[in-house]
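Structure first, commentary second.
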Amino acid sequence: MSPPITEQRVLSTLNQDGTRHWLRPRLAHGRFLKWRRIVGFGLILLFVLLPRIRIGGRPAMLIDLSTRELSLFGMVFRPSDGFVLMLLGLTVVLTVFLVTALFGRVWCGWGCPQSVYLEQVFRPIERWLEGSAAQQKRLPRFHWRRLVKWAIFAALSFALSNVFLAYFVGTERLEHWVFDSPLNHLAGFSLVMGVAVLMLFDFAYFREQTCIVACPYGRLQTVLLDKQSLIVGYDAKRGEPRGKPKHKLPVVSEHGSCVDCGACVDVCPTGIDIRNGLQMECIGCAQCVDACDTVMDKLGQPRNLIGYTSQDRLAGKPGRLLRARTVVYPVLLLLAAGGLVWSVGAKPTAEVYVERMAGPSFIDLPDGRVAARVQLKIENETDEDRGYTISLVDAPDASLRSVQPSWHVKPRHSIDVPLFVDLAPGTFKGGKRLVHLRINDSVGFDRIVAVTLLGPERGTP
């Protein structure tokens, strides 16, 4: 019997001499693989279609870096929506915490794009062209099958790069980049090709090392999991001591149920031996479960020698749904999600900000009065054109001057509005005067903002 992998190498992808240990996992067919394929291809379809789905005339999801806007299922968030974005981020983080506490690393094995595309797209193409793991090892480096594989991988990476960038630049702009001459859009074309090269490097070369070395989620599992969290585990009490069966089926042996066939190691996409216990590299994909169940079926023994379980269940303790993490996380998640829904529902149709200005803060007028400068920023949060008017409130001694009577703002856009407020110098106290401006759009938005004007110090009594 060979020594455990943990004794042979520090990482499952690293040989003792420091060279790369290439993983070529065998595919284990079973109930979990079937469901992973259904989930995986469903997520791929969603990933491809989401930028093209329109809700309220906008993409279902768009992180527009040029306009600094986040479009999410018909809602639009800007940097000025800091509190709402904080609640959105907090909701996502708490959801990850709760899902991990309940179901372990189910995201890694079932939903992560790295695992979905590598295991459901790229590796199946590799097996189709290059054969089994043994055949892949014997295949010459520049064999035509391998060259065809790399050509297909490059085309897929380019396609995925375009889909990925559609979430940041939009499908219209991206299609314009793709179908127009690259010379007219060198920056955009370079961005598409750069992301495509990174994806090709990841899915064709770096592969499982992204999960083992680069991704921080595996390292966080030590603090996100507890002994009741769902994991893929090996029932050592039933399986040990390992040994080959010496009798015909059904097996009657002094050994445990594990026949040490190594099938669970052969199919693991990260190259670990699940019989060594819970490990950071395990992504919870259940390939070892399908492989072991197949062996148990052949031996006429019950399934789930390896299966979805928890550390407490493996130790013979009962499972508990209610525990500190599964109580605190839902409460916090409910508060964050409730606050998010309320904030989005109470979000006004426009936002008004008083901005700083460069240059003098006031101008002396020929009639002896002072023109204090004001600059507002109006953001139209609706999907319709809006016209805004601005007026002074409860300031009979002041007059408002503007270059135009009203201000037109396009949907989801903002404008800067320069204004002058004319007052007598004596109305400034300590060089300052507080006035109130009313901004409305005659549709329903009506807001009064306080503005501190800066004027001459001589106005101080």
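The values are calculated or read from the model by the stated rules, or taken from the named source; none is laboratory data. Nothing here was measured: the structure is a model prediction, and the numbers come from that model. Note: ideal-geometry Cβ built from the backbone for every residue, glycine included; neighbour counts use all protein chains shown.
Out of all the residues in the stretch 269-306, which are of a type in the set (K, R) and more than 28 Å from Q209 (Cα to Cα)? Working first, answer last.
Going residue by residue through the stretch 269-306, those that are of a type in the set (K, R) are 275, 298, 303.
Scanning the stretch 269-306 gives K298, R303.
Mind checking which residues of the stretch 66-102 are in contact with a Leu (Cβ under 6 Å, 6 or more places away or on another chain) and either modelled with pLDDT under 90 or surrounded by fewer than 16 Cβ atoms within 10 Å (Cβ to Cβ) (or both)?
The answer is S71, F77.
Of all residues in the stretch 199-215 being of a type in the set (A, V, I, L, M, F, W, C) and either over 18 Å from the mean Cα position of the chain (by Cα) or not in a helix (DSSP H, G or I) (or both), which is nearest to S115 (Cα to Cα)?
First, the residues of the stretch 199-215 that are of a type in the set (A, V, I, L, M, F, W, C): 199-201, 203-204, 206, 211-215.
Now restrict to residues that are either over 18 Å from the mean Cα position of the chain (by Cα) or not in a helix (DSSP H, G or I) (or both): 200-201, 203-204, 206, 212-213, 215.
Working: L200: 14, F201: 15, F203: 10, A204: 13, F206: 13, I212: 12, V213: 14, C215: 12 Å.
Result: F203.
Right, T382: in a strand (DSSP E or B) and either within 46 Å of the chain's Cα centre (by Cα) or not hydrophobic (A, V, I, L, M, F, W, C) (or both) or not? Even if it seems obvious, please write down each step before you answer.
Working: in a strand (DSSP E or B): no; either within 46 Å of the chain's Cα centre (by Cα) or not hydrophobic (A, V, I, L, M, F, W, C) (or both): yes.
Criteria not met by T382.
Residue-wise test of (1) within 20 Å of the chain's Cα centre (by Cα); (2) over 29 Å from V99 (Cα atoms); (3) surrounded by 14 or more Cβ atoms within 10 Å (Cβ to Cβ); (4) among the small types (G, A, S).
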{"residue": "L160", "(1), (2), (3), (4)": "yes, no, yes, no"}
{"residue": "G170", "(1), (2), (3), (4)": "yes, yes, yes, yes"}
{"residue": "P182", "(1), (2), (3), (4)": "no, yes, no, no"}
{"residue": "F189", "(1), (2), (3), (4)": "no, yes, yes, no"}
{"residue": "V195", "(1), (2), (3), (4)": "yes, yes, yes, no"}
{"residue": "Y217", "(1), (2), (3), (4)": "yes, no, yes, no"}
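Select, from D394, D385, D312, D367, the only residue that is out of contact with any Phe, Trp or Tyr (no Cβ under 9 Å at 6 or more places or on another chain) and on the phi > 0 side of the Ramachandran plot. Steps first, answer last, please.
Working: D385 fails: on the phi > 0 side of the Ramachandran plot; D312 fails: on the phi > 0 side of the Ramachandran plot; D367 fails: on the phi > 0 side of the Ramachandran plot.
That would be D394, the only listed residue that is out of contact with any Phe, Trp or Tyr (no Cβ under 9 Å at 6 or more places or on another chain) and on the phi > 0 side of the Ramachandran plot.
Filter the stretch 42-58 down to the residues that are touching a residue at least 24 places away in the same chain (Cβ under 8 Å) and in contact with a Phe, Trp or Tyr (Cβ under 8 Å, 6 or more places away or on another chain), then identify the one that is nearest to L156 (Cα to Cα).
Selected residue: I44.
Restricting attention to the stretch 369-415, and to residues there that are hydroxyl-bearing (S, T, Y) and exposed (fewer than 15 other Cβ atoms within 10 Å of the Cβ), which single residue is farthest from R58 (Cα to Cα)? First the steps, then the outcome.
Of all residues in the stretch 369-415, those hydroxyl-bearing (S, T, Y) come to 382, 388-389, 391, 399, 402, 406, 414.
Checking which are exposed (fewer than 15 other Cβ atoms within 10 Å of the Cβ) leaves us with 389, 391, 399, 406.
Numbers: T389: 28, S391: 33, S399: 41, S406: 27 Å.
If we take residues in the stretch 369-415 being hydroxyl-bearing (S, T, Y) and exposed (fewer than 15 other Cβ atoms within 10 Å of the Cβ), then S399 is farthest from R58 (Cα to Cα).
Looking only at the stretch 139-174, count how many residues are at pLDDT 90 or above and charged (D, E, K, R).
The qualifying residues number 3.
Determine, yes or no, whether F41 is assigned to a helix (DSSP H, G or I) and surrounded by fewer than 17 Cβ atoms within 10 Å (Cβ to Cβ). Give the steps one after another, and end with the answer.
Values: assigned to a helix (DSSP H, G or I): yes; surrounded by fewer than 17 Cβ atoms within 10 Å (Cβ to Cβ): yes.
Yes.
Does any residue in the stretch 165-187 that is farther than 20 Å from R52 by Cβ come within less than 9 Å, Cβ to Cβ, of a residue that is exposed (fewer than 14 other Cβ atoms within 10 Å of the Cβ) and of a type in the set (S, T, Y) six or more places away or on a different chain, and which pairs are these?
P182/S190
Name the pairs: first residue in the stretch 278-304 and basic (K, R), second residue assigned to a helix (DSSP H, G or I), Cβ to Cβ under 9 Å, at least 6 apart or on different chains?
Hits for this filter: R303/V289; R303/C292; R303/D293; R303/M296; R303/D297.
Do any helices (runs of 4 or more DSSP H) entirely within the stretch 276-363 hold 2 or more residues that are closer than 30 Å to V449 by Cβ, and if so, which? Write out each step before concluding.
Numbers: elements: 287-299, 311-314, 324-345.
So the answer is 324-345.
Go through the stretch 331-368 and count every residue that is surrounded by 17 or more Cβ atoms within 10 Å (Cβ to Cβ) and without any contact (Cβ under 8 Å) to a residue 60 or more places away in the chain.
The qualifying residues number 0.
With the requirement that a residue be at positive phi and out of contact with any helix residue (DSSP H, G or I) (no Cβ under 8 Å at 6 or more places or on another chain), what does the stretch 403-461 give you?
Passing the criteria: R412, S442, G444.
Only one of (1) modelled with pLDDT of 80 or more; (2) surrounded by fewer than 16 Cβ atoms within 10 Å (Cβ to Cβ) is not met by E254, so which one is it?
(1)
Looking at this structure, is R105 among the charged types (D, E, K, R), within 30 Å of D226 (Cα to Cα) and surrounded by 14 or more Cβ atoms within 10 Å (Cβ to Cβ)? Give the steps one after another, and end with the answer.
On the way: among the charged types (D, E, K, R): yes; within 30 Å of D226 (Cα to Cα): yes; surrounded by 14 or more Cβ atoms within 10 Å (Cβ to Cβ): yes.
So R105 passes the test.
Being under 24 Å from V96 (Cα atoms), charged (D, E, K, R) and over 26 Å from the mean Cα position of the chain (by Cα) narrows it down to one residue among R303, R275, R320, R356; which is it? Steps first, please.
Values: R303 fails: under 24 Å from V96 (Cα atoms); R275 fails: under 24 Å from V96 (Cα atoms); R356 fails: under 24 Å from V96 (Cα atoms).
Result: R320 is the single residue among R303, R275, R320, R356 that is under 24 Å from V96 (Cα atoms), charged (D, E, K, R) and over 26 Å from the mean Cα position of the chain (by Cα).
Any chance you could count how many residues in the stretch 8-64 are under 28 Å from R173 (Cα atoms) and not small (G, A, S)?
So the count comes out to 20.
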